[in-house]
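Read the structure below first, then the notes.
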Amino acid sequence: MRFSLQKLVLAVAMIVTVQVVLYFWKLNKPKRTRNIFIMQQKLEEQVKEDGSCDYNKCNPVKDGMLNVHLIPHSHDDVGWLKTAEQYFTGEKAMSDARSQHSGTECVRCVLNTTIPLLLANPDRRFIFIEMAFLSRFWDEINDDVKQKIKQLIKDRKLEIAIGGWCMSDAATTFYNDIIDQHTLGFDFIDQHFGKCGQSRVGWHVDQFGHSREHSSIFAQMGFEGLIVGRIDFQDYTDRHEHKKMEFLWKSSASLGSKASLFTHVSYDGYYAPRELQFEGRSAGTVDASVQRYVADMMRIAKERAAVFKTNHLMFPMGADFAYKKADEWFANMDALIKHTNLRQADGSKINLLYSTPSCYLYHVNKEKQTFPTKSDDFFPYAIPPKAYWTGYFTSRAGLKLHVKRAGAMLQTCKELNVFNRLSNAFDKIDVLKKAQGILQHHDAITGTEKEHVAKDYNHLLSEGEVQCQSVIDEAYKMMLPQTSVKPPQQEFCYNLNISECSSTENSKQFVVNVYNPLSRHVTYWVRLPVSSTPYTVTDPNSQQLKLDILPVDDKTKTLPGRKSQAENELVFPAKLSPLGYGSFYVKSTTEGERAKTHKTMDGEEFAIQNEHIKVSFGKDGILKSVQNIKNGMEVKMEQDFYYYIGDTMMRPSGAYVFIPKFKDPTKVRGQNPVKVKLFKGEHVQEIRQEFSHWVSQIIRLYDTANYVELEWQVGPIPNQGYEGREVISHFKTDIKSEGHFYTDSNGREMLKRTRDKRETWKLDVIEPVSGNYYPITSRMFIQDDSRDTRITLMTDRCQAGGSIQDGAMELMVHRRLFRDDGLGVSENLNELDVDNKGITYKGKHYLFVDTKENSAELARDMALELHLPPTLSFMQTTKSYSEWTDLYNTKWSGLRDVIPPNLHVLTLDQTRKGEREIYLLRVEHLYEVNEHKLLSQSASLQLENLFESFDIIAISELSLGANFKTNEVKRMQWKTDDGLLTPEQIGSEQNTLHLDAPFNIILQPMEIRTFHIQIYPRS
Ligand SMILES: [Zn+2]
């Protein structure tokens, strides 16, 4: 090694400089460093200015020819007929006798056989989607294979598409769960493959319809485009006829053109053309019948070219779990490409190439064509005719709720970890993150998996929750003590919704900690199962609370498997600070109020009311009207339970599709009146309604609430042989909705729906009920524009819903079906309880009536509160209240400043092990444009001193997926038929590379801004 004098001088100079810098740094230490963002990523590859890495590594196309891009891929569900782990390893499931491919699916085998074949031929390409599987594979392979995969990715031979933990469902998922599951996958990619491994393309080929919000999320992540596989057959026909298979999806009116996403509708799903399906066909098959295969290829290419605008076609070359013997595919595709292209010498204008979705988009974009636009979504999805895939919006209502509850606990975990800077929480939280990532899959949260797979999903979530609970326990050990005395361990109750909790019902004295994961003040109504003695509850400010003790509902008590002796529920309001906890000290006493007794309402009209709202009931015990007392607005309303009889004929109603046998549903109670009990407490009034032996409901009015809570309990749905039942809660009102209603898209933006109509194509109404059903992830409403009156219904999980008659809304709460719909799962949606009878579910709806603007505000607030409710944990103690408060803090808030009411901290999370001073922060604007006069305005927030336990000393703005700095990404520009040119930039228009302290950020309506923040802990 040569070591020149010049270099020596340079080295000495550098050492001196470092010493000087260190000296001054020590002198100035308390001031902290500012604006020097030390977390600069070390990139293995140079990201090009447009964030694309290098499209030159795409296989070349031929100008003037029809270029057929063959996209080799394997569609690998993260659980469906088998569990995710069974699919990975190839292990057979119990039900494999009826499973597709006889249960031989094996993702490990796909990767094992594909990688050497990609290395063997530089032209070959392959795409891989699910990081849940790739990370599982990564954990078991040696360094040599890892290096080979890294090189393949670097050379674009192996391309990661989407890059999320799974291919998430579009209908039933909530927006922050979608974002989180992608960030989890992107983080894995970043860790092992660098920026050039990151995906810039969506591959949504198997979702049962496609949501606009998901498209908007992809655009905000910097994606170049989206490939979708399943759209309604009528829409598909229309797009074929008018060459609209590719278009610009205007995904958000609020975000404008930067939320536009180029979208490609696959010609024939994600399977290779039937004639060119090589799974199970040995290498040499094409060589043995060259003429036939080339002729098929050319014919199919010409057919498809007729409906696309450019000289490029995309042929997905794969199938479910294909490429287990990858040679079957690659050897035959090699031959097909070779022989088809040889025809060019004879004048053929068809050119075949191995390609990837991003290379396809790159070449399509280069043609500078203009494309049509679309602003609505792809729900509901029907194929074949009459088979509307709207049943899965409700299927497996229990699993859907579990995903929501686990998500709320995950949010709590992440925040408490950051505030307390815990040393070993990352891996524990990762368990729940990964479980939640898997559950977003399009055969997981959808409820379209087999029963044993659903059990596995529940198990994965529960394992994650246990890990999360230990993080929460650790956090409270940091937050609670005022002295060195450690607090008791946190206990958790899974089954509070069925009034079961051993921590409360077997204890005379305990403390309940209630953590609020929202960056806003919240009043949460705590309901705890207890024994029958009187109680006192002391709040975090040492005030004894007014409380209610109500008997546990009779119907709840009869739930099979409920392990509780609790006779009563203790009810009190917990007023909680933003991102903070409050401790409530609960003690049984000998004197005081015992449980309220009820009054039976028998054939008389009656009403309950508080200062905001009056709810009236008829003689038959049915809800008859809701009045907003503050503005006098009254809506006549009848709420009742009905069921549709699932069709059992040619195409039965099943896990995927909802096909009612008759248009009109049957009233559960028939002509019978509803049995009603009325309870009037200090805080809450309850109407307990019994519609039949299997349907009941509690309608609640809390004293400060401006909404009505309706807690339904449905099941066991009677077994009538083959006749399935699909149960709805139906609200008939006098609102003049004129065919219009509004539903949310993944819990974020609202979409206007018109009965029997689609925005971009003419609907031939075949199925008047199911064809008007949409996913209600968070809320739906109808309104009377002339009266400025809106009635809103909120849900606690995704459900199917629609407005089948003017003025009416219905939500499907539960379904039990005794036939399979023949669309893949091959199992009846007949969930059984521990007593082997049909399962019973409980859930909540929330209802309010107000002006359009007030309703928008309340709905935005409630949507957050329902999606991320507080996490409750319990501590047993024998200490007196004063002894307790001498030792432990009773409240804490992670937020120092108040956040404007239209903004919210969406994410606060640790980034990766070893980088404890760098966190991930997302702030969102909660309102759409024109939704509210004041709250739809832009809003600003100062980040520097926002949080209690640390200051922010540097920030770096990222794409929504947190995998690129915003200035690293430039998107392809697309031109629409109406003259719009989509922008290159992503992120906020206010974005600057290095924002200066105090880091004032501005958010426009519906904007989510994502940052890496560098923090300096406060002592
Ligand atoms: Zn799938």
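Quick check on Asp734: is it free of Cβ contacts under 8 Å to residues at least 60 places away in the same chain, over 26 Å from the mean Cα position of the chain (by Cα) and surrounded by fewer than 21 Cβ atoms within 10 Å (Cβ to Cβ)? Before the answer, list the steps.
Values: free of Cβ contacts under 8 Å to residues at least 60 places away in the same chain: no; over 26 Å from the mean Cα position of the chain (by Cα): yes; surrounded by fewer than 21 Cβ atoms within 10 Å (Cβ to Cβ): yes.
Considered against the rule, which asks whether it is free of Cβ contacts under 8 Å to residues at least 60 places away in the same chain, over 26 Å from the mean Cα position of the chain (by Cα) and surrounded by fewer than 21 Cβ atoms within 10 Å (Cβ to Cβ), Asp734 comes out as no.
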(message) Out of everything in segment 87-97 that is in contact with an Asp or Glu (Cβ under 8 Å, 6 or more places away or on another chain) and away from the ligand (no atom under 15 Å from the Cβ), what residue ends up being modelled with the lowest pLDDT?
(response) Ser95
(request) Please report, ordered by residue number, the strands (runs of 3 or more DSSP E) entirely within segment 768-857 with at least 2 residues that are open to solvent by 20 Å² or more (accessible area, probe 1.4 Å) and either more than 27 Å from Asp235 (Cβ to Cβ) or of a type outside the set (Gly, Ala, Ser) (or both). (result) 841-850
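Do we find that Glu686 is in contact with a Lys or Arg (Cβ under 9 Å, 6 or more places away or on another chain) and surrounded by fewer than 22 Cβ atoms within 10 Å (Cβ to Cβ) in this structure? Even if it seems obvious, please write down each step before you answer.
Values: in contact with a Lys or Arg (Cβ under 9 Å, 6 or more places away or on another chain): yes; surrounded by fewer than 22 Cβ atoms within 10 Å (Cβ to Cβ): no.
Here the answer is no, as Glu686 does not meet what is asked.
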(message) Among the residues in segment 136-155, are any surrounded by fewer than 22 Cβ atoms within 10 Å (Cβ to Cβ) and either at positive phi or within 16 Å of the ligand (Cβ to nearest atom) (or both)?
(response) no
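Kindly provide the set of residues from segment 674-690 that are in a loop (DSSP other than H, G, I, E, B) and modelled with pLDDT of 95 or more, ordered by number.
Narrowing segment 674-690 to residues in a loop (DSSP other than H, G, I, E, B): 674, 681-683.
Val674, the sole residue that qualifies.
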(message) Quick check on this structure: which one of Ala607, Ala574 is out of contact with any helix residue (DSSP H, G or I) (no Cβ under 8 Å at 6 or more places or on another chain), within 30 Å of Gln783 (Cα to Cα), of a type in the set (Gly, Ala, Ser) and not in a loop (DSSP other than H, G, I, E, B)?
(response) Ala607
(request) Output the number of residues of segment 306-333 satisfying the condition of being more than 32 Å from the chain's Cα centre (by Cα) and acidic (Asp, Glu). (result) 2
(message) Could you tell me how many of the residues in segment 55-83 are open to solvent by 10 Å² or more (accessible area, probe 1.4 Å) and within 16 Å of the ligand (Cβ to nearest atom)?
(response) 2
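What is the residue count in segment 693-714 for residues that are part of a loop (DSSP other than H, G, I, E, B) and open to solvent by 10 Å² or more (accessible area, probe 1.4 Å)?
Total meeting the criteria: 6.
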(request) May I ask you to list the residues in segment 510-535 that are farther than 22 Å from Leu410 by Cα and open to solvent by 30 Å² or more (accessible area, probe 1.4 Å)? (result) Ser531, Ser532, Thr533
(request) Tell me which residues, restricted to segment 367-393, are crowded, with 16+ Cβ neighbours inside 10 Å, in a loop (DSSP other than H, G, I, E, B) and among the small types (Gly, Ala, Ser). (result) Ala387
(message) If I filter segment 396-406 for residues that are touching a Phe, Trp or Tyr at 6+ places or on another chain (Cβ under 6 Å) and in a loop (DSSP other than H, G, I, E, B), do I get at least one hit?
(response) no
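Quick test for you: out of Tyr323, Tyr271, pick the one residue that is open to solvent by 40 Å² or more (accessible area, probe 1.4 Å) and within 16 Å of the ligand (Cβ to nearest atom).
On the way: Tyr323 fails: open to solvent by 40 Å² or more (accessible area, probe 1.4 Å).
Testing whether each residue is open to solvent by 40 Å² or more (accessible area, probe 1.4 Å) and within 16 Å of the ligand (Cβ to nearest atom) leaves just Tyr271.
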(request) State whether the residues of segment 402-410 include one that is open to solvent by 10 Å² or more (accessible area, probe 1.4 Å) and within 16 Å of the ligand (Cβ to nearest atom). (result) no
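In segment 536-549, how many residues are open to solvent by less than 30 Å² (accessible area, probe 1.4 Å) and at pLDDT 95 or above? Break it down into steps so the answer makes sense when it comes.
Just the residues of segment 536-549 that are open to solvent by less than 30 Å² (accessible area, probe 1.4 Å), to begin with: 537-540, 547-549.
Filter once more, keeping what is at pLDDT 95 or above: 537-540.
Adding up the residues that qualify gives 4.
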(message) Under 6 Å between Cβ atoms, which residue pairs at least 6 apart in sequence (or on different chains) link something in segment 540-568 that is in a helix (DSSP H, G or I) with a partner that is basic (Lys, Arg) and open to solvent by less than 40 Å² (accessible area, probe 1.4 Å)?
(response) none
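The values are calculated or read from the model by the stated rules, or taken from the named source; none is laboratory data. Owing to the predicted nature of the structure, the values given are computational and were not obtained by experimental measurement. Backbone-built Cβ (ideal geometry, glycine too); neighbour counts: all protein chains shown. These area figures cover heavy atoms from the full protein model, side chains too; ligands, DNA and RNA do not enter into them. Shrake-Rupley method; radii C 1.70, N 1.55, O 1.52, S 1.80 Å.
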